[in-house]
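Report on the following structure.
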Amino acid sequence: MSFRHKHILGTENLSREDIELILETAESFKEINQRDIKKVPTLRGKTIINAFFEASTRTRLSFEIAGKRLSADTVNISGSTSSVVKGETLEDTAKNIEAMAPDIIVIRHGHSGAPHYLAERVDCSIVNAGDGTHEHPSQALLDLMTIKEFKGKFDGLKVAIIGDIAHSRVARSNLYAMTKLGMEVRFAGPGTMIPVGFEKHGAIVCDNIEEAISGADVVMMLRIQLERQANTLLPTLREYARFYGLNPEKLKLAKEDAIVMHPGPMNRGVEISTAVADGPQNVILDQVANGVAVRMALLYLVSGAEMVEE
Amino acid sequence: MSESNTVILDHAGVKRALTRIAHEILEYNKGTENLALVGIRSGGAHLAEQIRARINDIEGVELPLGAVDITMYRDDLGSRGSLPVGKTDIPFALDDKKVILVDDVLFTGRTIRAAMDALMDFGRPNTIQLAVLIDRGHRELPIRSDYTGRNVPTSREEKVLVEFDTDNAPIEVHLAK
C-alpha cells in the first residue's frame, strides 16, 4: 500500500493501516542507527526546515538527526531567534520560508492548530512536532513503536496515562492512535487536569491512579508542566507526587511485565520516582531511540506521498 | 497474469542454473575462504539461500549470509512515491570479504548500483561479484554479472517474473507480455 498523507498533522486523521505502515517503515530504518556509518542517501537533495517556535531539546534533536541520517539538509530556526519576535505573522514567516523552496517544514508551535493553518497555505509538506495542547503525533508513534517492541501486539492491551491530561498533546495523540489499534486507554489525574468529554473519544476516565494502573500493560506518566500549570492547578507538588506520582508500590498494581513510559523531560520525585524511572520496567530511553526511527519514517513517507498525489 | 505468458526456465532448469552458479563461484574464488553471500530483497535473498545450501553440499562450508533492502538507496523516490522499506540484515563484518551479491533478474542495473552503495556503507569488501538467475538486458549503467543463470533477450515492455513457493524456494521463471 502507498502512503497518501502529504502532511502529518496528527494521529486523529491517520488510519490503522497508516499507523502500521509508519511503524513498519520505522522498524526498517532503525537498523541504520546501529551501523558504523549512520547515513543513507534516501532524501538526498531534500531540504527540511525545523521551525521550533516553542522550547524543545529532544524532539528537535530527534527530527534533525532523522533528517541528517536520510541525507536531507536540515536547517533549524527557533522562535526566540527568528523574526517572530519582530512581530511577523506565522503566515508571513511560513511564506518567506517557502520562498526558499524547502520540501518539508517540521513545526512546533505554542498554538493548537498552527500546523494545520500552515498546511492549507503552503505547498511543501508540514510535519507537526507538537502544537499547543492539541497533538504531538511523532511522540505517539514512537510510543507505539516501543509498545510493539516490548509487547509484540496492540489489540487488547491496557494503557494507563497519568497526569495533566488536559494540557497534554501526548495524551491526545496517543488516545486517537491507541483506540484505533484496539487498545484500552485509561486516564487518571487531578480533577483540574482532566477535561470532560474524553469518554466520547473512547477513553476510560478513572477516579484515581490505582484504578487506572490496576492490571495495566503499559503505564505512561505525563510531565507536570512546572513552568505553567503547577501553581494554579495543583495545591502542592508534594501532594501531587503522593497521589499521582508513580512509585514502586503503585507500580505493583500493574501487570508484572508492565512497561513504564515517559515522554520526557522527567520531573524526578514528582510524577515519577527515581526508583521507577531507573527501574527494570522503564523503557524511557528506548522511546528516545525509537523516536529517531519514527521521524525518519515520517520524513520518508511524506516525501513520497507528494508524488503519489500528483 | 497477462495473456501471453511463457515459461523461460522451468523448475529443473532453475535448479541446474543455481547449482552451476554455485560451482562457478567456488571455481573462480578457489574455494570458500572469505566468501560471503548477500541477497537483494526479496527474490535475490531467497536465491542467496539456495546458493548457500548448494555450496554447503559441495564444500561442507556454511557461508555467511546477509540480505539487503535497497529501497532507501533508490534514485527514483521522486517519481514512484514511498515504497515500503524492508529490513537490511547483514550479521557479519563485510571488511575484506569477497561478497557475492545475488539478485533474481538483472535489468537496468540500477538496483545493483543501489545495492553496491548499501554494501559500501557496511564496510569495505575485498571484492563484490554479481550472481543473477536471469539477465534480460537493457542496461542503463555499466554493470555486468559475473555468474548468470540464463541470458534472455527481452523487449523493455515485457516482464520477467521469478516465481517462488511458500518456502521461498524458486519454482520457475516466466516471461509475460
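The values are calculated or read from the model by the stated rules, or taken from the named source; none is laboratory data. From a predicted model like this one, the values you see are computed outputs, not experimental measurements. Cβ placement follows ideal geometry from the backbone for every residue including glycine, while neighbour counts extend to all protein chains displayed.
Whether a residue is surrounded by 15 or more Cβ atoms within 10 Å (Cβ to Cβ) and either outside any strand (DSSP E or B) or in contact (Cβ under 8 Å) with a residue 60 or more places away in the chain (or both) was assessed, and B:L119 passes this test.
Looking at the structure I just gave you, is A:V122 under 22 Å from A:G245 (Cβ atoms) and free of Cβ contacts under 8 Å to residues at least 60 places away in the same chain?
no
Residues in segment A:18-33 that are surrounded by fewer than 22 Cβ atoms within 10 Å (Cβ to Cβ), under 18 Å from A:V288 (Cβ atoms) and more than 10 Å from chain B (Cβ to nearest Cβ): A:N33 only.
Determine if segment B:157-175 includes at least one residue that is among the aromatic types (F, W, Y) and closer than 16 Å to B:H46 by Cβ. Yes, segment B:157-175 has at least one match.
Yes/no per residue for (1) in a helix (DSSP H, G or I); (2) over 15 Å from the mean Cα position of the chain (by Cα):
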| site | (1), (2) |
| --- | --- |
| A:L118 | yes, yes |
| A:Q139 | yes, no |
| A:F154 | no, yes |
| A:S173 | yes, no |
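Looking for something in a loop (DSSP other than H, G, I, E, B), surrounded by fewer than 20 Cβ atoms within 10 Å (Cβ to Cβ), polar (S, T, N, Q) and touching a residue at least 60 places away in the same chain (Cβ under 8 Å) - is there at least one such residue anywhere in segment A:57-65? Within segment A:57-65, one or more residues are in a loop (DSSP other than H, G, I, E, B), surrounded by fewer than 20 Cβ atoms within 10 Å (Cβ to Cβ), polar (S, T, N, Q) and touching a residue at least 60 places away in the same chain (Cβ under 8 Å). Give me a count of the residues in segment B:122-138 that are among the charged types (D, E, K, R) and either out of contact with any Leu (no Cβ under 8 Å at 6 or more places or on another chain) or part of a strand (DSSP E or B) (or both). Count: 1. From the residues in segment A:179-202 that are modelled with pLDDT of 95 or more and not in a strand (DSSP E or B), which one is nearest to A:V283 (Cα to Cα)? Going through the qualifying residues, I end up with A:M183. The sole residue among B:R74, B:R113 that is among the basic types (K, R) and either more than 14 Å from the chain's Cα centre (by Cα) or over 15 Å from B:I40 (Cβ atoms) (or both) is B:R74. Segment A:241-310 holds helices (runs of 4 or more DSSP H) entirely within its bounds, and those carrying 1 or more residues that are within 14 Å of chain B (Cβ to nearest Cβ), of a type in the set (S, T, N, Q) and in contact (Cβ under 8 Å) with a residue 40 or more places away in the chain map to A:284-309. From the list A:G87, A:G79, the one residue that fits, being more than 14 Å from every other protein chain (Cβ to nearest Cβ), at pLDDT below 90, surrounded by 15 or more Cβ atoms within 10 Å (Cβ to Cβ) and farther than 23 Å from A:N174 by Cβ, is A:G79. In the set (1) exposed (fewer than 15 other Cβ atoms within 10 Å of the Cβ); (2) hydrophobic (A, V, I, L, M, F, W, C); (3) at pLDDT 85 or above, the condition left unmet by A:A51 is number (1).
Can you tell me which residue in segment A:34-48 is farthest from A:Y176 (Cα to Cα), limited to those that are surrounded by 18 or more Cβ atoms within 10 Å (Cβ to Cβ) and aliphatic (A, V, I, L, M)? Across segment A:34-48, the extreme among qualifying residues is A:V40. Could you tell me whether B:P142 is in a loop (DSSP other than H, G, I, E, B) and within 14 Å of chain A (Cβ to nearest Cβ)? The answer is no for B:P142.
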